[in-house]
Amino acid sequence: MLKLLLVSPDENSLSGLGSALKEHEDVELCWADSGERALDMASDPAIDLVVTDELLGDMTGFEFASRLLSVNPRINCASVSNLSPEEFHEASEGLGLMAQLPIHPNKEDANKLLQHLRNLKGLTGGV
């Protein structure tokens, strides 16, 4: 079972991603409406992946990723961003982000993200 935490002050912005992820029987979804709430939840070692919206109300997705490293550096993290791939790489360097997602990620994005996560977990002996 993969446990994923979606973080956004507006569930609608990640609703397409959430709906697509719910179609997978081996995925459990949790939601947080702010970065602080998600950081509290991230102390749970069972969480495999956090997906952040670009803006979380109380911080940016990049700020969240930076703080997540000190809370639980073993959790994989992906972030929604409208930056170009080059700008995203530059801005997120050192934050441990495994993927960039487009604004309003869809089913195809969800499937690619899950495949990437499963590959990572396979390499580390998880799942």
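A short reminder: the numbers here are calculations on the coordinates, not readings from a lab. This is a predicted model, so every value here is computed, not measured. Here the Cβ positions follow ideal geometry from the backbone for every residue, glycine too, while neighbour counts run over all protein chains shown.
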Problem - Relative contact order of region 2-123, pairs being alpha-carbon contacts under 8 Å that are 6 or more residues apart, as % - result: 28 percent
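Nothing charged except the Cβ atoms of Lys and Arg (+1) and of Asp and Glu (-1): what's the magnitude of the dipole of the chain about its Cα centre? Round to the nearest 20 debye.
Working: 9 positive and 21 negative charges, 99 e Å.
Here the chain has a charge dipole of around 480 debye.
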Handout entry: Cut-off 12 Å (backbone N to label point 7 Å along Cα→Cβ of residue 36), residues of region 45-59
Key = 57-59
Handout entry: Protection-proxy order for peptides 79-89, 60-70, each taking the mean of Cβ atoms within 10 Å per residue, highest first
Key = 60-70, 79-89
Completion exercise
If 59, 98 are placed from fewest to most neighbouring beta carbons inside 10 Å, the sequence is 98, 59
Completion exercise
Residues whose built amide H sits under 5 Å from the amide H of residue 50, excluding neighbours closer than 5 in sequence, are 5, 76, 77, 78
Exercise for the section: Compute the distribution of all C-alpha to C-alpha distances in the chain, in bins of 5 Å from 0, and list the percent of pairs in each, rounded to whole numbers. Expected result: 2, 12, 24, 26, 23, 12, 2, 0
Fill in the blank from the handout: In nm, the gap between the two label points placed 7 Å beyond Cα toward Cβ at residue 87 and residue 11 is 3.1 nm
Fill in the blank from the handout: Residues meeting the amide H criterion for residue 101 (H placed from the backbone, H to H distance under 5 Å, 5 or more places apart or on another chain) are 79, 80, 81
